[in-house]
Each structure stands twice: as C-alpha cells, then as structure tokens.
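Q: Dropping the structure in here first, questions after.
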Amino acid sequence: MLCLWLSACQGQNLIGRGRADGGVHDSADDGRNKLDVEHDSVAEDDGGATPEGGSDAGDAGPAADFSCVGSVSWPTPASPTYTFFLTPTDFVTGAPIVGATIKICATSDAACASPSATYTTDLIGDARVTAPSSPAGIDGYAELSASGYETTLTFIFPVGGGSILGTFGGAFNPVMFTTSTFAALTGSLGGEDPTRGSLAFLAHDCSGAIAAGVSGSVSTADSKTVTGYFAGGSVLSLSETATQTDSSGKCGIVNIPPGPATLTSTIASSGKTLGTQPIVIRAGADTQLNAMPTP
C-alpha cells in the first residue's frame, strides 16, 4: 500500500501497487517486465454488487461485491518462491525509504530470529527480494525497519482472486510510520502500550476494490485492545465509535497481545465472514495487510 493512510491517494492497495517501470518477476526472471498494474481503476468499479454489499456507515461509497464469499479459491503458485521489488515508503510523504532493512520471516517465527533472507533498500529505496510462495501469497511476512520508523510486519496476500504477481505486478510499496506519526495515530485510540502491538488493514471485496462495510477482529484481542475505523476524512485519527470501514476501507487495532493471531473480517450488514488470515503481532511493531475474501 503506497497510500494506506494517505489522504492524497485513493483506491490503492494496502501493501502493493505496480511500479512505474514495471518490476514483474518470477523466480527465474532477472529482467523487468514493463507492466504497471496500479489498482486505482479497479477501486472505482462498483459493478457486480450484491444486496449485502455496502455499508450504513458515513461516506459508504459504492456497494461492495461480496458475491464470491463461500466459494473463494486461490491458485497454486507455479514456483516455490516469488521474486519481486519491495519499496518501503514514508506514510506522510510517500517517498521511498533508503537504507531500510527487510527480513523475510516465517509466520511461526514471531520475532523473526531466523530470517530466510535479509536485504537493504538501495539509493532509490528498492530491494529485489525472494520469498517462499503459497496459495495465500507470501508464505510468511516481511519485517521492515529503518531509523526513525516503527517496525512494520507486512503480510502480502493477493486481492481479486489472482496470484500476488498478477495482482500487484510484482512490486510492493508498504508504508512505514515515523515514530511521531505513529504516536499521533495510536493516540487517537488512547495510545499504545509498548508491550503490545498494533494492526492496520485495508478491506477489499471480491473484485479487488476497496470495500466499505467490513468489520475486523483479532483472535487474541482482550479488554485492553481498541479498534478504530477511519471516518469523516481524517488521516491522523481513528474513530472508536465507528463499527465498520467507510469508503476508505481502513481500520486500525491497537494494544493487541503479542504472538500469533488470526484476523477475521466480517461483512457488517450480514454478519458473514469475509475472510480469515493468519498474522503475527509483535510488541512495538505495526502489522499490515489487505483484508479480503479467503477460502
């Protein structure tokens, strides 16, 4: 997501967008395919809506397409690994972060004590990384760290029913929050306990479009955990009173106990489960992913 919380950017995916110069790779391809698959256009498509789509929240936007729920399948990867470009970007400016460290981690390794590979972004903020593949996208997660920024755990799932390379064109731009910006965001939900972690997700429907009317919950949440949704157009504030995503599709959850967990996304109007996705929560880190229909 180049623009998870960025008001100037609408309709993009949480953790991926096509590079201007392409960047499509499979494990055996060392060249760049000049293909840009930025998803702004798909987010504007309101076709195929079902009666249970949409939201009664403010700024609901077009009705979402949830017609695939209950019949989702993901393709088997053609290769045991994916190779792609990953470019961490600053949440406020959108600028690539030079010198960021990227570790590829197993979901079972919550601390990423034994990464399968470690990379550093180059002078234009890019790193060409290889990660294990799975039908759910990357088998594991990418840990992003940089001086002055909150550590980010990025889970890369496909949206719209395709492979991750087809979905994003093999280029991913996860955002990172400076420590001060992150404090402002979590402060709108009462602040974050440093012994706990946070999660941010962007909801998608069956077409891959950003979805209003989705609620999210984490399996390990307790009485200290607070959930907020964007409402009213603010990009530095989350509403505790909102109960579902608006047209921005954005949700933040703070003060989650650390360790393995599952994010369950629900269609608010019907109560049907949209998807379940395994994640890792780490103290002092922000977990990010696209929430979407899953098998």
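The values are calculated or read from the model by the stated rules, or taken from the named source; none is laboratory data. In this text, all values refer to a predicted model and were calculated from it rather than measured experimentally. Because the Cβ atoms are built from the backbone with ideal geometry, glycine has one as well, and the counts that use them run over all protein chains shown.
Q: Inspect segment 229-240 for any residue being under 27 Å from S79 (Cβ atoms) and at pLDDT 85 or above and give the result as yes or no. Let's see the steps before the verdict.
A: Taking segment 229-240 and keeping what is under 27 Å from S79 (Cβ atoms), we get none.
Looking for residues that are under 27 Å from S79 (Cβ atoms) and at pLDDT 85 or above, one finds none in segment 229-240, hence no.
Q: Is it true that S108 is modelled with pLDDT of 90 or more, on the phi < 0 side of the Ramachandran plot and polar (S, T, N, Q)? Break it down into steps so the answer makes sense when it comes.
A: Numbers: modelled with pLDDT of 90 or more: yes; on the phi < 0 side of the Ramachandran plot: yes; polar (S, T, N, Q): yes.
It is true that S108 is modelled with pLDDT of 90 or more, on the phi < 0 side of the Ramachandran plot and polar (S, T, N, Q).
Q: Look through segment 243-268, keep the residues that are part of a loop (DSSP other than H, G, I, E, B) and surrounded by fewer than 19 Cβ atoms within 10 Å (Cβ to Cβ), and return whichever of them is modelled with the lowest pLDDT.
A: Let us first name the residues in segment 243-268 that are part of a loop (DSSP other than H, G, I, E, B), namely 243-249, 257-258, 268.
Adding the requirement that they be surrounded by fewer than 19 Cβ atoms within 10 Å (Cβ to Cβ) leaves 243, 257-258.
Working: T243: 93, P257: 98, P258: 97.
Selected residue: T243.
Q: So for segment 281-295 (the condition being under 22 Å from A111 (Cα atoms), surrounded by fewer than 23 Cβ atoms within 10 Å (Cβ to Cβ) and out of contact with any Leu (no Cβ under 8 Å at 6 or more places or on another chain)), does at least one residue qualify?
A: Scanning segment 281-295, I find at least one residue that is under 22 Å from A111 (Cα atoms), surrounded by fewer than 23 Cβ atoms within 10 Å (Cβ to Cβ) and out of contact with any Leu (no Cβ under 8 Å at 6 or more places or on another chain), so the answer is yes.
Q: Within the bounds of segment 206-227, is there any residue that is of a type in the set (S, T, N, Q), touching a residue at least 60 places away in the same chain (Cβ under 8 Å), surrounded by fewer than 22 Cβ atoms within 10 Å (Cβ to Cβ) and touching a strand residue (DSSP E or B) at 6+ places or on another chain (Cβ under 9 Å)?
A: Yes; the residues of segment 206-227 include at least one that is of a type in the set (S, T, N, Q), touching a residue at least 60 places away in the same chain (Cβ under 8 Å), surrounded by fewer than 22 Cβ atoms within 10 Å (Cβ to Cβ) and touching a strand residue (DSSP E or B) at 6+ places or on another chain (Cβ under 9 Å).
Q: Please work out which residue is nearest to F66 (Cα to Cα), limiting yourself to segment 269-295 and to residues that are outside any loop (DSSP other than H, G, I, E, B), aliphatic (A, V, I, L, M) and touching a Ser or Thr at 6+ places or on another chain (Cβ under 7 Å).
A: Here the answer is L274.
Q: Quickly run through segment 171-188 and pick out the residues that are out of contact with any Gly (no Cβ under 6 Å at 6 or more places or on another chain) and touching a residue at least 40 places away in the same chain (Cβ under 8 Å).
A: Initial filter on segment 171-188 (out of contact with any Gly (no Cβ under 6 Å at 6 or more places or on another chain)): 173-177, 179-188.
Matches in segment 171-188: N173, P174, V175, M176, F177, T181, F182, A184, L185, T186, S188.
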